[in-house]
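The values are calculated or read from the model by the stated rules, or taken from the named source; none is laboratory data. Model, not experiment: these values are computed from the prediction. Virtual Cβ from ideal backbone geometry, glycine too; neighbours counted across all protein chains shown.
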Amino acid sequence: MTLSPLIVGLLALGGVALGYFVRVILASQKSTSLEHKLKLQIEEAKTDAKGILLDAKDKAAALLEEAKREEKERETLLRREEERLRKKEEFIDKQSLHLQTKQGELDKAVQNLEGIKHEAENTRAKALGELERVAGLTKEMAKEAMFKELETQYRDDIIRSVQRLEREKETETEKRAIDVITTALHRYARSHVAEITTSTFTLPNEDLKGKIIGREGRNIRTLERLTGVEIIVDEAPDSIVFSSFDPLRREIAKVAMEKLIKDGRIQPAKIEEKVEEAKSELTKRMQQIGEQAAFDVGILDFPKEILQLLGRLHFRTSYGQNVLVHSVEMAHVSAMLAAELGANIEIAKKGALVHDIGKAISHEVEGTHVELGRKILKKYGVDERVIRAMESHHEEYPFSTPESFIVTAADVLSAARPGARRDTVENYLKRLEELEKIVNSFAGVKHSYALSAGREIRVFVVPEKVDDFGALQMAKDIASKIQSEMKYPGEIKVNVIREMRAVEFAR
C-alpha cells in the first residue's frame, strides 16, 4: 500500500515539529541548570567578599592602632626633647648672667688699673721734673751728654764690636747660602733599582728546565760550580732564579744561560765553554759601561784602564746602593757645587767619579779602597789634583783643596738621601764575603762560593793537592775556623768537593 504525498508531507512536518519541541525542552533544562550554577557562584563570591572585607577591617584596625601607638611615642619624645631644650636654655641664661656679672667686674678692674696707671704717670712726670730742676738738665740733654761720655770712653770697644758683628753676619750669611745650596741638591736623584741578591731569567718554555737540570742534576751542578751562584728552578713558571750576593757572578750566569739556550746543547762541556765566553763578553761590556758613565758626566780623557775599573763598579754595591750609579750621581752634584762655590768644576767631577774606584779590586787586594784608589790613579797618570780631591772623602787624608771638600759633601749628599742605602743588606753581604775569605785562606782551595743566603759554603779543591782524607779534614778545619771567627745566625753547612778529571786525546 502506498501513501499519498500529502500524508508523507504531513508526517515529515510532524517529525520536524516534534524535533523542534524536543530541542526547546532540552535547551530549557540546560538554561535552568546554568542559572542554578551561576546563583551558587554568586553566593560563594558574596561569602568570600564578606571574609575579605572582614580581614581588611581587622588589618585597618591594627594599622590604626599601630599609628596611634607611634604617634604617642613621638609625642613622648617631643615632650622629652622640649624639656631638655628648656633646661638647656635655663642653663645658658644662667651662664649668660654669670658672664655679664664677670664682665662688669672686669670692667671695674680695668677702670681701676687705668686710674692707677694715670696716677703712676703723673708721679713719674713730677719726679722727672723735680730731677731736671735739681740737675739743671732736661731729659734729652742728659741722654745726649751720657752718650757722648760713653762714646768717648768706649770708642775702641764699640768699633771692635761692630767689626765682630759684621764678620759674624758675613759668616752666617755664607753658611746659610751653603745650606740652601746643599738642601736644593738633595732633590737630585737618579732613578735606578739595584738587584740585591737574586736575578730572574725568563725561559722560552717550561720544557727547558729539564735540560738545564740534566741527568741526575749534573748540568745544574756544573753551572753552579763554575759561576758560584745558586740556581732556583721551581720558584716560578717559565723562569729560573740566580741567587748570589755577588752581582758579577749573577750576570755571568745569566749571559752563559742565554748562550746555552741559543746553542741548544746543554751539557757539562758546553757549559764550561759558555761560562768562559760569558766572562770574556762581560769584560768587554764593563769597558763599555765605564765609557758610557764617563761620557754621561762629560769626562773624555780618562785612560781605558780606569774606564774598565769604572765598569766593574756597576756590579758592586755599597750598603745596597750601586757604586757606579752613586759615583755618577756624585759627579753631577760635585759639578753643581763647584759652579756655585767658584771651584774647579772639571777636577771636582773627576774626583767624584773615581772616588770609589778602589772598590773595584778591594776584594782581591789588601788595603782600604781609598788607598787602593790612590795607587790606581797614580799608576795610570791621573792628574794629582784629582787624587787630592778624592782621597779625603773618608777623612783618611787631610782636606788639601776646595775640591776635596766638595767631593766629600757630594758623597754625603748622595748617600744620605732617603732610600739610597740599606745597612742591613750591606752587613749581610759583608758577612758572605768574609765567609768566602776565610775559606780561601786554606791551602789547596780552588774556588769557594757562599750559597743559600750564607747557610752553605761550597769549597772546590785542587785534586792534586788535596786527597779524599784531606778533604774530610779540611771540612772540619773550615767549620772550626768559621765558628771561632764569625758571628752568624743558625748553622753553616761546609761542603768540600774534590773532583778528579782525567783527560786524554786520541791522535
Scanning the stretch 348-365 residue by residue, the ones that are in contact with a helix residue (DSSP H, G or I) (Cβ under 9 Å, 6 or more places away or on another chain) and surrounded by fewer than 24 Cβ atoms within 10 Å (Cβ to Cβ) total 6
Quick one: is LYS349 more than 16 Å from LEU413 (Cβ to Cβ) and assigned to a helix (DSSP H, G or I)? no
Is it the case that LEU78 is out of contact with any Leu (no Cβ under 8 Å at 6 or more places or on another chain) and at pLDDT 90 or above? yes
Give me a count of the residues in the stretch 283-309 that are within 31 Å of the chain's Cα centre (by Cα) and either of a type in the set (Lys, Arg) or more than 30 Å from GLU346 (Cβ to Cβ) (or both). 1
Count of the stretch 295-325 residues which are over 22 Å from ILE252 (Cα atoms) and in contact (Cβ under 8 Å) with a residue 60 or more places away in the chain: 3
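If I filter the stretch 219-226 for residues that are modelled with pLDDT under 85, touching a helix residue (DSSP H, G or I) at 6+ places or on another chain (Cβ under 9 Å) and either of a type in the set (Val, Ile, Thr) or surrounded by fewer than 16 Cβ atoms within 10 Å (Cβ to Cβ) (or both), do I get at least one hit?
no
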Name, by its number, the condition in (1) in contact (Cβ under 8 Å) with a residue 12 or more places away in the chain; (2) surrounded by fewer than 22 Cβ atoms within 10 Å (Cβ to Cβ); (3) part of a helix (DSSP H, G or I) that does not hold for SER400. (3)
In the stretch 276-294, is there at least one residue being of a type in the set (D, E, K, R), touching a Phe, Trp or Tyr at 6+ places or on another chain (Cβ under 6 Å), on the phi < 0 side of the Ramachandran plot and surrounded by fewer than 19 Cβ atoms within 10 Å (Cβ to Cβ)? no
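For residues in the stretch 468-507 being part of a loop (DSSP other than H, G, I, E, B) and in contact with a strand residue (DSSP E or B) (Cβ under 9 Å, 6 or more places away or on another chain), which is surrounded by the most Cβ atoms within 10 Å (Cβ to Cβ)?
ILE492
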Please state which of the following conditions TYR397 fails to meet, knowing it meets all the rest: (1) farther than 20 Å from GLU346 by Cβ; (2) modelled with pLDDT under 80; (3) among the hydroxyl-bearing types (Ser, Thr, Tyr). (2)
Just name the residue that is modelled with the highest pLDDT out of those in the stretch 133-182 that are in contact with an Asp or Glu (Cβ under 9 Å, 6 or more places away or on another chain), β-branched (Val, Ile, Thr) and in a helix (DSSP H, G or I). ILE158
Looking at the stretch 289-308, is at least one residue in contact with a helix residue (DSSP H, G or I) (Cβ under 6 Å, 6 or more places away or on another chain), assigned by TED's automatic domain parsing to the domain that holds GLY373, assigned to a helix (DSSP H, G or I) and within 24 Å of VAL229 (Cβ to Cβ)? yes
Neighbours by Cβ (under 7 Å, 6+ apart or cross-chain): first from the stretch 338-358, at pLDDT below 85; second assigned to a loop (DSSP other than H, G, I, E, B): ALA338/ASN344
